[in-house]
Amino acid sequence: MRAIKADQAAQLRLLDLQSVDSALAQLDHRRRTLPQHAEIARLRADRAAVAADLVAADTIVSDLEREQAKAESDLEPVRERLIRNRKRIADGTVPDPKALSAMVDEVEHLKKRIGDLEDAELEVMEQLESATAARALLLTRTGELDTQLAELERRRDQQLAQLDNAAGDKRAERDAIAPSIPAALLALYDKSVLSHGGVGAAELRQRRCTGCQLEVNAADLRAFKAAAEDEVLRCEECSRILIRTAQSGL
Ligand SMILES: [Zn+2]
């Protein structure tokens with residue numbers, strides 16, 4: 001590998017660029033790992049479950065309403081017939097005693113039938129009442145979840161806006177630094193960033209590569225000491241671009 005050359009100032013600027021890029025990566029990481037993301041996902045799952053329960057509760061309520069309407073419409077002709085029969089008995093308009101006796105029997109039968117139908121209707125009404133109450137609870141829960149979600153989303157958006165602002169500032173810094181670094185060094189750095197988890201250039205500090213944290217061995221140290229100032233060094237351990245500073249200990 002032929003060594004790239006770049007004057008010392010440009011090499012130091014590369015450390016500044018690395019610091020800005022690390023800050024940008026950190027901001028991006030914070031953007032993706034905001035605690036609100038997980039909380040919002042959990043609340044949305046809850047909200048979806050409650051919505052499904054609500055659909056089921058609506059179905060139960062409307063089925064029971066239909067049942068109640070049916071019970072009421074079943075009762076109507078029986079009640080009318082009872083009224084009619086009672087009126088005819090009271091009027092004395094039934095001609096013969098046999099027919100009158102049959103009608104009195106029917107009145108008893110109709111009263112019993114009405115009682116049975118009313119009992120059935122009452123049972124449906126009780127079921128409808130508790131189904132309506134259950135649905136009301138779900139509606140309340142939906143409202144609560146919506147409120148919580150809106151608040152969380154507001155806080156998330158606030159955080160995102162702050163992070164975006166900070167990232168905008170960092171990108172402006174980057175745009176100011178990048179032009180002062182020679183293209184070849186920048187290209188090497190970009191490649192190194194990609195293959196080294198975001199850290200392409202590291203300071204040689206106290207004889208240690210701050211990229212991989214390993215101490216430079218004696219032989220490499222001698223080679224680094226002997227290298228020209230404008231020679232771009234690479235860490236022998238991690239192959240990151242290694243930048244010499246006053247703290248390098250050379
Ligand atoms: Zn290293």
**Report entry** Crossing angle, helix 35-91 versus the chain [Cα axis fit, 0-90 degrees, rounded to tens]
**Finding:** 10 degrees
Query - Mean separation of Cα contacts under 8 Å (6+ apart) over length of the chain, as relative contact order % - result: 34 percent
Report summary line: Semi-axes of the chain from the Cα gyration tensor (sqrt of 5 times each eigenvalue, largest first, whole Å) come to 93, 15, 12
Report summary line: With Cα coordinates, the longest principal axis of the chain makes an angle with the long axis of helix 97-177, in degrees rounded to 10, of 10 degrees
Report summary line: Placing each pseudo-label 7 Å from Cα in the direction of the beta carbon, Lys225 and Leu34 end up separated by a distance in nanometres of 5.3 nm
Requested in this report: Could you order peptides 227-239, 70-82 by the average number of other Cβ atoms within 10 Å of their residues, highest first?
Outcome: 227-239, 70-82
Query raised in the report: Is it possible to state the helix-based mean residue ellipticity at 222 nm for the chain, with each DSSP H run of 4+ residues giving -39500 (n - 2.57), the sum divided by total residues, to the nearest 500 deg cm²/dmol? What is it?
Result: -27000 deg cm²/dmol
Query raised in the report: Ignoring ligands, DNA and RNA, what percent of the accessible area of the chain is carbon or sulfur (1.4 Å)?
Result: 54 percent
Query - Eligible lysines near Lys70 by straight Cα distance, threshold 29 Å, same-chain separation 8 or greater - result: Lys87, Lys111, Lys112
Query raised in the report: What does the accessible area per residue of segment 73-227 come to in Å², with a 1.4 Å probe and no ligands, DNA or RNA counted?
Result: 64 Å²
Report summary line: Counting only protein heavy atoms and leaving out ligands, DNA and RNA, the solvent-accessible surface of Thr33 at a 1.4 Å probe, in Å² to the nearest 10, equals 70 Å²
Query - Inter-site label distance for Asp146 and Ala9 at 7 Å from Cα along Cβ, in nm - result: 6.3 nm
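The values are calculated or read from the model by the stated rules, or taken from the named source; none is laboratory data. All values reported here derive from a predicted model rather than from experimental measurement. All Cβ positions, glycine included, derive from the backbone under ideal geometry; neighbour counts span all protein chains shown. The area values use the complete protein model at the heavy-atom level, side chains included, leaving out ligands, DNA and RNA. Shrake-Rupley method; radii C 1.70, N 1.55, O 1.52, S 1.80 Å.
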